[in-house]
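Shown next, in structure tokens, is the structure this report addresses.
Only the coordinates and a few stated rules stand behind these numbers; no lab work does. Worth saying up front: this structure is predicted, and the values here are computed from it rather than measured. Here the Cβ positions follow ideal geometry from the backbone for every residue, glycine too, while neighbour counts run over all protein chains shown.
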């Protein structure tokens, strides 16, 4: 790991004249990237090194533009440096920690999380890219091995029957993060940041809300509370649509994870 980090330091102008010994370096979790916190008295950065196979999933140019728009809204960090491959050096929030399921049981914290998401959705900015749930599902399914395709075939068939029905009832697409797993939300002294905008695009608002509910393992009552906070500004949403999106995105996440594992083999 040391030699690889030294090679990455040499690529980044802000780090090329610095040594690893100047930082406390802490590995951070991640599926599509390897992430490291670089911390000393002067700097607190996250170094993100993309996994080679991620170019099959991610439009890095769209990610950069969408994150810049979210940063202008004050809900995302702006990288101090990045290149076209997705290698980034990004400041982090002081004394921050990733959101945990317990944070969803604290109403002020829950309100902060939901308010940040609603601010993004209602911002009126136009993200690059537009989610097509059926195409994504088909794409990830096609990347699975034949045994896994056989295992998932009944769930895929049911999802393909459901998606057109949802589209008839769904609302307009909004700028969306589309990967609001708990690790991609940082709580700090200065508020909340949403990080890792790799899958951001225009999408149904239910996508981010369903991902929050699934990631925190919210039950029916808690999901209803989250939706109520989101709708407090007058937005009309359907609980049944949120439930359907939770099931669909659970399937999409299962297929994506299996496809990612298959790509690494």
Exercise for review: Mind grabbing the base-10 log of I(q)/I(0) for segment 2-91 at q = 0.18 Å⁻¹? Debye formula, identical points on the C-alpha positions, no solvent, two decimal places.
Suggested key: -0.84
Review point. Full extension from residue 56 to residue 189: what is 0.36 nm times the residue separation minus their Cα-Cα distance, to one decimal in nm?
Key: 44.3 nm
Check your understanding: Under a GNM of the chain (C-alpha, springs under 10 Å), which listed residue has the highest mean-square fluctuation: 120, 162, 249?
Key -> 162
Check your understanding: How big, on average over all directions, is the shadow cast by the Cα convex hull of the chain, in nm²?
Key -> 14.5
Check your understanding: Which angle between 0 and 90 degrees, to the nearest 10, do you get for helix 239-264 versus the longest principal axis of the chain when only C-alpha atoms count?
Key -> 50
Exercise for review: For the chain, find the longest principal axis of its Cα atoms and tell me its angle to the long axis of helix 133-142, 0 to 90°, nearest 10.
Suggested key: 70
Check your understanding: What's log10 of I(q)/I(0) for segment 117-265 at q = 0.10, 0.11, 0.21 Å⁻¹, Debye sum over Cα points only, no solvent?
Key -> -0.36, -0.44, -1.51
Practice item. Please build a GNM for the chain, connecting alpha carbons under 10 Å apart, and tell me which residue among 196, 254, 208 fluctuates the most. Key: 254
Exercise for review: May I ask you to compute the full-extension gain from residue 83 to residue 151, defined as 0.36 nm times their residue separation minus their alpha-carbon distance, rounded to one decimal in nm?
Suggested key: 20.6 nm
Check your understanding: Calculated FRET efficiency, residue 219 and residue 109, Cβ-Cβ r, R0 22 Å, to nearest 0.05?
Key -> 0.80
Point to revise | Computed lengthening from residue 229 to residue 122, 0.36 nm per intervening residue step minus Cα-Cα distance | key: 37.1 nm
Practice item. Would you mind telling me which residue in 178, 17, 214 has the biggest mean-square fluctuation in a Gaussian network model of the chain, where springs connect alpha carbons within a distance under 10 angstrom? Key: 17
Check your understanding: So how tilted is helix 205-216 from the main axis of the chain? Cα-based, degrees 0 to 90, rounded to 10.
Key -> 70
